[in-house]
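Notes follow once the structure below has been shown.
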Amino acid sequence: MTYRYLLSVMVGLISVAGLLLGYYLSMLPGTSQVMVRTPTEYEYVSIAGPIQPIPKLKSIDPLWRNLGRALFNSPLLSTDNTVACASCHVVSQGGDDGFPVSAGINGSIGSRNSPTVLNSAFNFRQFWDGRSADLAEQVLGPIHNPIEMGSNFSQIILKLKQSPEFVQAFRQVSPAGITQAAIIKALVTFEESLITPNAPIDRFLMGDKFALSAQQKIGYRKFVDFGCVSCHQGRNIGGNLYQRLGRIAGVPEKLLKDKGRFKITKNPNDQYVFKVPSLRNINRTAPYFHNGSVATLSEAVTIMAKGQLGIDLTKSDIEDLLALFEAFNGHLPKGQL
Amino acid sequence: MKGLKLTTKLSYLIEAIILVSVLLAGSQFINHYFNYQNNKSEFDVKSDLHDTTVELSIEVLSAMNASIYHYDKYAAKQLEFERLYQEITLMEASNNRKKLSQSLNDFLGHVTGYMQYATMLKTSFRFVSSMAFNKDVLNINHKNKIMNVISLVAAFRNNSDLAVSNDIKENIKKLNLTFNGIETQNSRWNMFRLHVKFILAEHLNAISLLQPIQNTDISREISQDLLNLNERIEVDFIYMALWALITFLFVSFLFFIALVRQGRNLQISNNNAKMAAESKSQFLANMSHEIRTPMNGIFGISDILLKTSLDFQQRSYVEKLKFSAKSLTIIINDILDFSKIESKKLHVESIPFEIHKLLDNVKTMVGRSANEKGLELIFDVDDRLSNHYQGDPVRIGQILLNLSSNAIKFTEQGHVLLKVFLTRQTQGCDHLVFSVRDTGIGITPEQRQKLFTRFSQAESSTTRKYGGTGLGLTICKMLSELMGGHIEVESESGKGSCFSVHLPMSTDVEQIAKDNTRFFGQRVLLVEDNPITLEITSKVLSSIGFKVVEVANGSSALRELTDRHFDLVLLDWKLPDLFGLELVEAIEKFKEHFDHLIVFTGYDADYISTGLSYPVINKPLIKQDLILTITSCLNEKDNIKPYQHEEPIEELISYAHLRVLLVEDNEINTMVALDVLTEMNIQVECAITGLQAVEKAKLSEFDLILMDIQMPEMDGMEATKIIRQFKDAKQLPIVALTANVLHDEVQLYMEIGMNHHLGKPFERQELEKVIKKLVPRAH
């Protein structure tokens, strides 16, 4: 009888403990940490001057990156399995798609030019209006946008689970398997690997005086003197400020259709305010501006000089600047494609 | 039973309540824990926000600084700020405090707005200043104008007063920067104008954005929040700890209750066990009496029957009946004793007693059976022993009896030697060993192991061959251990066994002076064929001062007698060459050669019928008996009286005039008692209750009352007390009739006025002894 008594007391205690444990677990914030991930590390170098070189990629988790690459190229992320991230962000072609605006599922047309994915990790915000703080947030945009991929994560996860390769790959990196957090983490890790260090301008700034040609040097001086560098500065030669299009003088009408950040902040001061884009790899990312309405770089430069700085560029100015822009092109580290 | 169930259900309620309390306390603890955690993380976030705000402000405020070339750091800080701001808004949403998020939102707006201005204005200011070094302007007037504008712009930049700013604006406007011809040709000039215009238009706007950034209340608000949070965190922590403690207390309380309950249960089962033991002892006590009474009835009646005229076959049957009853009694006694010892109900007495009296008892009980089997029974008592010891003679006697009767039982030929000797002496205590050695069948080692365990006999066939319950040795072991000693056994199969009981005996008793009777070198011829008996007897004789000459057969004895003169001849009745009357006649021929003759024999049927005129000592020899016989022999040189040792013979004394009141409720016991009494021609009256006894005692005169103790209506003790009120112990002796008396009980009887006690059933000799002692008229 005593054993039975002790047993029931024990059982009572254990069930109370279990209840309390359940209560505790229910109160826990629902952070599903996706575990075992070596963070992406860059080797930053800081130099004097307005433009900073792109850092070297010190370490990145290869498993996550490879998975991210697979997801980036997978059309399963769109609802009708036709559109992948890579459809609008072609990594081998400068990281964008060469169209003024991109096309999503069912041939729907977007309103904004797709920014380059290259070096996007160094932008302080993502999207033209900076509505996403980082790459992880940015992923949600195209996936849910009905005119881009028009999908949702539960649908994607279901589709991914059908593929044994994806299941296997996910299980390798995350005990929880295929989850929204894992998908995002994979894509972000891949995007973080898409950097173009050792552009001629970087090498020049790091001390290699022969990295730039004479004309490029002139172009650089003009870039600084004219004041382009006041907005297109930093590591990404841009991408760290908001600025109004047509600061000092006017810009073509076609560029004033989109009110930019005003759509989000509703602040009248934010009309025509966009994120300053990066000028790296700029000759590969035509057409230009938020709606891709400017086809050539020379036109873009002219508009910018006039509208932001009040400067009328001469033909030689343009040529010098264009030469400089060539120096802004970098290459993906080996084995990235 | 129902009441018990109810209480158990209710008492489990306590546990249930405690469990629920644990649950509640635990959940409170968890609540407070999460509160604590949340507050802590809010604290951390706000703390980071505080720092980030400061850092962001620094970046923003230094944006216009000429040595700041790029805004990566600003961008990073702004990002951090926004992240923290998002976390705060999530927390604020749950806490319903919107004030801070509003301030943060405003701050952010100002910052981003200012940065837009700042970057452009910086460029514009730089550009305007650089016009001072422009080589394109040819006209000195233009140059002056430009310089004026530049200095005015500089003044404008460094001025904060609104009135002055407006003044400057006016002045610049007055300077009318439109020059014909210059505009269209000099794009730089256009730029100059544009930038000046931009500066004038936007600089003050920028400044106005800067002020709220500089003066932002955020830091102060956050600091305040942090203070509050800190307090809350401390409180939360205390509560958390408190609830943890309470939970822990409840849990330990639960264990405590469980322990208490266990204790209670144990107590209850203990009580139950005690009660069970109690009732068992009660049962035993009752049974003891209940069993013995009819047993004694059987004995008594068989005895009566044997005294009547029976033919040979009938007599034989009755003997067998008696024998069975006897065996049964032994077994019952064993069982009852054993149970008593086991339930710790047996008390060991501590009274003074004499060793030789103990041995005498053993001799009486087993002497005859030894003799019948043709075995020599020998006692060897250590000279160094005191006369008196303090202990329990009944129990020691029981052990010795058991061991001796076992020895006799399992020995076919040879002897049984009972030795008592001293091993060591300590203060107030002699360590004695009683050993019984036989030349019997012995015990194998395997049998030895089982010897003292209960219910086992050395051989299962032993029961069939030798009888008994097998409890005897176990009881001996328990008794010896109860008395503070132990029992050992040595044996060789086929050769014999030796059982020794080691007992510490207290010498703390009034020592009667040792019998130091000594003889003065008188010569004694000791004729004995058994070597051991010879040795021991010789030793005893020497110890009391005799000079001993030992011979082992009749012819040697005669030869000795021929040669010399002896004061005393001690003659064994059975010698290998001569025995019995023939032997005595042969010795008598040498009458002149000795002064006294004492015959030495075991219980011998032959002898009983002859009636020899020499004193006889029965074997086994006890020193005191020997001394007594020799002394009386020597004292009454010519008066050779036969020395009887408790032989039942015709009593010359008549008890016909005695009047005895027999008080006994049991019919059979009465019958048996009456048989003895009427045989003695005593006049008996009977009473069956104490009440009757009292009335009869009042009415008539009696010489003796035999009072049974356990009777209905009024027991013997009550009756005695009442009788003693009008007749004292001398006037009317009362004898208690009871089996198994303890020293304490005897004391009690004496206290209430009884004179003596007799066991049931009593035999004639015992009654005679009592009468002799108590009734003066009897002599």
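Here are some conditions: (1) modelled with pLDDT of 90 or more; (2) part of a loop (DSSP other than H, G, I, E, B). Residue B:440 meets all but one. Which one does it not meet?
Only one criterion in (1) modelled with pLDDT of 90 or more; (2) part of a loop (DSSP other than H, G, I, E, B) is unmet by residue B:440, namely (1).
Against the definition (of a type in the set (A, V, I, L, M), open to solvent by 40 Å² or more (accessible area, probe 1.4 Å), within 21 Å of residue B:676 (Cβ to Cβ) and without any contact (Cβ under 8 Å) to a residue 24 or more places away in the chain), how does residue B:306 come out, yes or no?
Numbers: of a type in the set (A, V, I, L, M): yes; open to solvent by 40 Å² or more (accessible area, probe 1.4 Å): no; within 21 Å of residue B:676 (Cβ to Cβ): yes; without any contact (Cβ under 8 Å) to a residue 24 or more places away in the chain: yes.
No; evaluated as a whole, the condition is false for this residue.
Can you find, within region B:66-99, the residue that is modelled with the lowest pLDDT among those that are among the polar types (S, T, N, Q) and open to solvent by 80 Å² or more (accessible area, probe 1.4 Å)?
In this case the residue turns out to be B:96.
Residues in region B:365-387 that are open to solvent by 70 Å² or more (accessible area, probe 1.4 Å) and not in a loop (DSSP other than H, G, I, E, B): how many?
Residues that pass the stated criteria total 3.
Can you confirm whether region A:159-171 contains a residue that is of a type in the set (A, V, I, L, M) and without any contact (Cβ under 8 Å) to a residue 60 or more places away in the chain? Give the derivation first.
Within region A:159-171, the first condition is being of a type in the set (A, V, I, L, M), and the residues that meet it are A:160, A:167, A:169.
Subsequent filtering for residues that are without any contact (Cβ under 8 Å) to a residue 60 or more places away in the chain retains A:167.
The answer is yes, given that some residue of region A:159-171 is of a type in the set (A, V, I, L, M) and without any contact (Cβ under 8 Å) to a residue 60 or more places away in the chain.
Quick one: residue B:36 ticks every box in (1) more than 25 Å from residue A:125 (Cβ to Cβ); (2) open to solvent by 50 Å² or more (accessible area, probe 1.4 Å); (3) away from every other protein chain (no Cβ under 11 Å); (4) part of a helix (DSSP H, G or I) except a single one, so which number is it?
For residue B:36, the exception is condition (2).
Which of the residues spanning region A:306-324 are assigned to a loop (DSSP other than H, G, I, E, B) and surrounded by fewer than 20 Cβ atoms within 10 Å (Cβ to Cβ)? Reasoning before the result, please.
Quick first cut of region A:306-324, residues assigned to a loop (DSSP other than H, G, I, E, B) only: A:310-314.
Result: A:312, A:314.
Quick check on this structure: which one of B:299, B:312 is open to solvent by less than 80 Å² (accessible area, probe 1.4 Å) and either under 25 Å from the mean Cα position of the chain (by Cα) or not charged (D, E, K, R) (or both)? Let's see the steps before the verdict.
Working: B:312 fails: open to solvent by less than 80 Å² (accessible area, probe 1.4 Å).
Every option except B:299 fails the conditions.
Pick from region A:191-247 the residues that are more than 9 Å from chain B (Cβ to nearest Cβ) and among the aromatic types (Phe, Trp, Tyr): which of them is surrounded by the most Cβ atoms within 10 Å (Cβ to Cβ)?
A:223
Specify the residue that is farthest from residue B:478 (Cα to Cα); the eligible residues are those in region B:315-338 that are of a type in the set (D, E, K, R) and open to solvent by 50 Å² or more (accessible area, probe 1.4 Å).
Step one: of region B:315-338, the residues of a type in the set (D, E, K, R) are B:315, B:319-320, B:322, B:326, B:334, B:337.
Going one step further and asking which of them are open to solvent by 50 Å² or more (accessible area, probe 1.4 Å), we end up with B:315, B:319-320, B:322, B:326.
On the way: B:315: 39, B:319: 33, B:320: 32, B:322: 30, B:326: 24 Å.
Ranking the candidates gives B:315 first.
Would you check which residues across region B:497-516 are surrounded by 18 or more Cβ atoms within 10 Å (Cβ to Cβ) and at pLDDT below 85 and list them?
Answer for region B:497-516, where residues must be surrounded by 18 or more Cβ atoms within 10 Å (Cβ to Cβ) and at pLDDT below 85: just B:509.
Mind listing whichever residues of region B:196-241 are closer than 30 Å to residue B:20 by Cα and either loosely packed, with under 13 Cβ neighbours inside 10 Å or free of Cβ contacts under 8 Å to residues at least 40 places away in the same chain (or both)?
Passing the criteria: B:234, B:235, B:238, B:241.
Six or more apart or on different chains, Cβ atoms under 6 Å: show the pairs whose first residue is in region B:763-779 and over 23 Å from residue B:300 (Cβ atoms) and whose second is open to solvent by less than 70 Å² (accessible area, probe 1.4 Å) and modelled with pLDDT under 75.
Here the result reads none, with nothing in region B:763-779 linked to a residue that is open to solvent by less than 70 Å² (accessible area, probe 1.4 Å) and modelled with pLDDT under 75.
Would you check if residue A:127 is in the same structural domain as residue A:107 (by TED's automatic domain parsing) and within 11 Å of the chain's Cα centre (by Cα)?
Working: in the same structural domain as residue A:107 (by TED's automatic domain parsing): yes; within 11 Å of the chain's Cα centre (by Cα): yes.
Here the answer is yes, as residue A:127 does meet what is asked.
Mind counting the residues in region A:248-272 that are more than 10 Å from chain B (Cβ to nearest Cβ) and either open to solvent by 60 Å² or more (accessible area, probe 1.4 Å) or without any contact (Cβ under 8 Å) to a residue 12 or more places away in the chain (or both)? Explain how you work it out, then say what you get.
Residues of region A:248-272 more than 10 Å from chain B (Cβ to nearest Cβ): A:250-260, A:262-264, A:266, A:268, A:271-272.
With either open to solvent by 60 Å² or more (accessible area, probe 1.4 Å) or without any contact (Cβ under 8 Å) to a residue 12 or more places away in the chain (or both) added as a condition, the list becomes A:253-254, A:257, A:259, A:262-264, A:266, A:268.
The number of residues fulfilling the criteria is 9.
Which of the residues spanning region B:352-364 are assigned to a helix (DSSP H, G or I) and open to solvent by less than 50 Å² (accessible area, probe 1.4 Å)?
The first filter runs over region B:352-364 and keeps only residues assigned to a helix (DSSP H, G or I), leaving B:355-364.
Those that are assigned to a helix (DSSP H, G or I) and open to solvent by less than 50 Å² (accessible area, probe 1.4 Å): B:355, B:356, B:358, B:359, B:360, B:362, B:363.
Does region A:83-102 contain any residue that is touching a residue at least 60 places away in the same chain (Cβ under 8 Å), among the aromatic types (Phe, Trp, Tyr) and part of a helix (DSSP H, G or I)?
no
So which residues in region A:278-287 are open to solvent by 20 Å² or more (accessible area, probe 1.4 Å) and not in a loop (DSSP other than H, G, I, E, B), if there are any at all?
Passing the criteria: A:283, A:284.
Mind telling me which of the residues B:341, B:291 ends up being surrounded by 14 or more Cβ atoms within 10 Å (Cβ to Cβ) and either within 14 Å of chain A (Cβ to nearest Cβ) or farther than 20 Å from residue B:671 by Cβ (or both)?
Answer to the selection: B:341.
Consider only pairs whose beta carbons are under 9 Å apart and that are at least six residues apart or on different chains; among these, list those whose first residue lies in region A:43-72 and is within 14 Å of another protein chain (Cβ to nearest Cβ) and of a type in the set (Val, Ile, Thr) and whose second residue is assigned to a strand (DSSP E or B) and surrounded by 14 or more Cβ atoms within 10 Å (Cβ to Cβ).
These pairs meet every condition: A:45/A:56; A:51/A:234; A:54/A:42.
Give all pairs with beta carbons closer than 6 Å in which a residue from region B:536-548 that is open to solvent by less than 20 Å² (accessible area, probe 1.4 Å) meets a residue that is aliphatic (A, V, I, L, M) and in a loop (DSSP other than H, G, I, E, B); count only pairs at least 6 apart in sequence or on separate chains.
B:537/B:621
Looking only at residues in region A:288-298 that are open to solvent by 10 Å² or more (accessible area, probe 1.4 Å) and touching a Pro at 6+ places or on another chain (Cβ under 9 Å), which one is farthest from the other protein chains (Cβ to nearest Cβ)?
Filtering region A:288-298 for residues open to solvent by 10 Å² or more (accessible area, probe 1.4 Å) gives A:288-289, A:291, A:293, A:295-298.
Those still in the list that are touching a Pro at 6+ places or on another chain (Cβ under 9 Å) too: A:288-289, A:291, A:293, A:295-296.
Details: A:288: 20, A:289: 17, A:291: 20, A:293: 22, A:295: 24, A:296: 21 Å.
For region A:288-298, the residue satisfying everything is A:295.
Let me confirm something: among B:519, B:546, B:455, B:566, which residue is at pLDDT below 80 and closer than 27 Å to residue B:634 by Cα? Reasoning before the result, please.
On the way: B:546 fails: at pLDDT below 80; B:455 fails: closer than 27 Å to residue B:634 by Cα; B:566 fails: at pLDDT below 80.
Answer to the check: B:519.
What is the number of the single condition among (1) within 14 Å of chain B (Cβ to nearest Cβ); (2) touching a Phe, Trp or Tyr at 6+ places or on another chain (Cβ under 9 Å); (3) on the phi < 0 side of the Ramachandran plot; (4) open to solvent by less than 30 Å² (accessible area, probe 1.4 Å) that residue A:120 does not meet?
The failed condition is (2).
The values are calculated or read from the model by the stated rules, or taken from the named source; none is laboratory data. What you see is a predicted model; the values in this text were computed from it and never measured. No Cβ is skipped: glycine too gets one built from the backbone with ideal geometry, and neighbour counts run over all protein chains shown. Surface areas here come from the heavy atoms of the whole protein model, side chains and all, with no ligands, DNA or RNA. Shrake-Rupley method; radii C 1.70, N 1.55, O 1.52, S 1.80 Å.
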